[in-house]
Amino acid sequence: MKPYLALMTALALSACAATGTQSPVSRQDTGAETTPDALAIAAIEASVDSALKPLSEVAPVRLTPAQSVAGPTSAQPRICWAHEETPAVYEQVMGEVQVVQAEIAPDGTVLRAPIYRKAPVPRVVRPRAELSFEAPCPEQLTPEFISSLQRALAARGYFGGNVTGRLDAPTAAALRRYQEERGLKSAQLSLETARSLGLIAVSDPKATAG
């Protein structure tokens, strides 16, 4: 018998002796005993057993995972970049081309000097380059937007074709002339050019900060 059960049983027996009432020694003594003292002892034992039950026998608490709540986010404007490769430009200039190699002895003595003759040779006029600049995003280049671009270039004397709403060859040529005069050798519309032509509003840094 567990020590605390022996103690509780002893207390119950002493109480029964004082009152003259017989109480069962344990719950297994007889199945017919249902006296109030026996029921009280059984209830005490059950509560003590439950309190002293190992943690491994206790059913774990089922936790509900916390739901992450996304806070309000401000829509940031998308930034797009245009990339254009400028090929290298060569020109032919007169130079000397080696036609006969030098003849050199094993000890390093030059037995015969190399022979050259004049011939055109290529010379790099402009090296290959890659351009990267901010540009309007593809979804902004609608027919209405291109029509506004054509009218803006026409008003400045760069475009003399029809307003078609398409970025055709005459429009690209006019756009290239306009941008080359401002330091950008490209037929792709830059964001800065679109702003200078009044096609895209210029954001106010103070308004953005506020």
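Candidates are the residues of the range 111-141 that are under 45 Å from the mean Cα position of the chain (by Cα) and outside any strand (DSSP E or B); the one that is farthest from T164 (Cα to Cα) is P127. I'd like to check something: does the range 98-110 contain any residue that is assigned to a strand (DSSP E or B), more than 30 Å from L167 (Cβ to Cβ) and touching an Asp or Glu at 6+ places or on another chain (Cβ under 9 Å)? Yes, because at least one residue in the range 98-110 is assigned to a strand (DSSP E or B), more than 30 Å from L167 (Cβ to Cβ) and touching an Asp or Glu at 6+ places or on another chain (Cβ under 9 Å). Suppose the filter is among the charged types (D, E, K, R), outside any helix (DSSP H, G or I), under 33 Å from the mean Cα position of the chain (by Cα) and surrounded by fewer than 16 Cβ atoms within 10 Å (Cβ to Cβ); does E144 pass it? Criteria not met by E144.
Scanning the range 74-129 for residues being open to solvent by less than 50 Å² (accessible area, probe 1.4 Å) and of a type in the set (S, T, N, Q) gives a total of 1. Among the residues of the range 164-199, those identified as surrounded by 16 or more Cβ atoms within 10 Å (Cβ to Cβ) and part of a loop (DSSP other than H, G, I, E, B) are G165, L167, L184, S186, A187, Q188, L189, S190, L197, L199.
Suppose the filter is modelled with pLDDT under 95, farther than 18 Å from I79 by Cβ and part of a loop (DSSP other than H, G, I, E, B); does G161 pass it?
So G161 passes the test.
None of S190, S132, S196 is closer than 27 Å to R78 by Cβ and touching a His at 6+ places or on another chain (Cβ under 9 Å) except S132.
The values are calculated or read from the model by the stated rules, or taken from the named source; none is laboratory data. Worth saying up front: this structure is predicted, and the values here are computed from it rather than measured. Note that each Cβ is placed from the backbone with ideal geometry, even for glycine, and that neighbours are counted across all protein chains shown. The protein model used for the area step is the full one, side chains on, heavy atoms only, and it has no ligands, DNA or RNA in it. Shrake-Rupley method; radii C 1.70, N 1.55, O 1.52, S 1.80 Å.
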